[in-house]
1. For Cα extents along the principal axes in Å, the listed values are (i) 65, 38, 36; (ii) 49, 44, 35; (iii) 51, 40, 34; which was obtained by calculation from the structure presented?
2. Nearest 10 degrees is fine. How inclined is helix 199-208 to the longest principal axis of the chain, computing both from alpha carbons?
3. Efficiency by 1/(1 + (r/R0)^6): what FRET value for Thr218 and Thr194, r their Cβ-Cβ distance, R0 = 22 Å, to the nearest 0.05?
4. Give a residue-ordered list of calculated ³J(HN,Hα) values for the stretch 29-37 (Karplus: 6.51 cos²θ - 1.76 cosθ + 1.60, θ = phi - 60°; whole Hz; x for Gly, Pro).
5. Asp26 label point, 7 Å along Cα→Cβ, cut-off 19 Å on backbone N: hits in the stretch 208-236?
6. Which of the trypsin sites (Lys or Arg not before Pro) found in the stretch 145-236 are loop residues per DSSP with 14 or fewer other Cβ atoms within 10 Å of their Cβ?
7. Please compute the contact order of the stretch 1-127 in relative form: average sequence separation of alpha-carbon pairs under 8 Å and at least six residues apart, divided by the residue count, as a percent.
8. What does the extension gain come out to for Lys144 and Glu118, with contour length at 0.36 nm per residue minus their alpha carbon separation?
Amino acid sequence: MESGYTVSSELPPGFSPDYDSFLFNDPAHLKLQADEWLSLYLLRQTNRKIMAQVSFHLEGEKAMSPVRAPFGSFLFSNLLSPLILHDFVLACEGQLVRRGVRFVSVTEPPLYYRKSGELLQTILLNRQFHVSRAELSSGIRIDKTLFEEKIEAWEKRKLKLAREKGLTFRSIPLSELEDTYNFILRCRTQRGQTLSMTFEELKNTVNTFKKSFFLFGTFFQKELASASISIRVHPT
């Protein structure tokens with residue numbers, strides 16, 4: 001490891017992260033996933049910054065990041081050089097091996113969630129990690145361009161038709177979380193699908209991160225026609 005950097009499983013007082021975190025990496029969310037975690041930090045002594053971090057839940061010979069969340073993985077500063085990030089990944093591997101770990105599972109966030117995602121993936125592949133499951137993701141950036149200017153022609157036609165039929169879209173208060181959850185569960189059940197969380201699990205998560213959850217619905221008059229439970233996973 002380059003001079004001025006240290007890797008520690010303990011976070012000394014006075015250090016602050018040099019990166020934006022995701023909700024799923026928050027210590028409170030980690031506790032909702034599992035009780036015990038091994039968190040490793042790359043510390044830069046000169047400016048007292050946390051330059052990178054990762055948290056693993058250990059079960060026997062397996063280390064997982066995350067346990068029960070859409071993604072986990074490494075957090076790191078955009079100012080970190082590829083060599084130092086590689087050395088941090090290598091140091092984390094060493095820490096896991098010394099604890100008897102033989103299998104490591106890391107679920108990455110979608111690439112457009114952070115600017116340097118390709119760098120970390122390249123390092124992991126060079127460290128002999130392999131992709132066990134690749135998933136497609138899609139997103140719409142929120143900027144000054146109107147939503148209707150970003151969607152395909154057939155989507156515009158469907159949106160126009162929905163408005164002509166009298167469908168309206170609005171937010172739903174969190175006090176109606178259970179009704180919204182049950183509506184989505186019924187829709188999933190009709191299609192032979194399930195939900196990844198029970199209502200109690202969802203309620204506990206929402207109560208912990210109330211400012212990060214948002215409910216939305218499409219209504220025909222007063223009847224709910226579709227609904228979503230949205231999570232703000234990043235501050236920007």
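1. (i)
2. With rounding to tens, the tilt is 60 degrees.
3. Details: r = 22 Å, r/R0 = 1.02.
According to the calculation, E is roughly 0.45.
4. So the Karplus estimates, Gly and Pro as x, are 6, 4, 5, 5, 7, 6, 7, 10, 9 Hz.
5. Taking a point 7 Å out along Cα→Cβ of Asp26, the residues of the stretch 208-236 whose backbone N falls under 19 Å are 208-216, 229-236.
6. Loop-located and lightly packed - Lys150, Lys165, Arg191, Lys222, Arg232.
7. Numbers: 192 pairs, mean separation 30.1, N = 127.
After rounding, I find 24 percent.
8. Values: separation 26, 0.36 × 26 = 9.36 nm, distance 2.68 nm.
Working it through step by step, the gained length comes to 6.7 nm.
Read-outs throughout are calculated quantities, based only on the coordinates presented, and are distinct from any laboratory measurement. As the structure is a prediction and not an experimental result, all values here were calculated from the model. Counting neighbours? That spans all protein chains shown, and the Cβs are built from the backbone with ideal geometry, glycine included.
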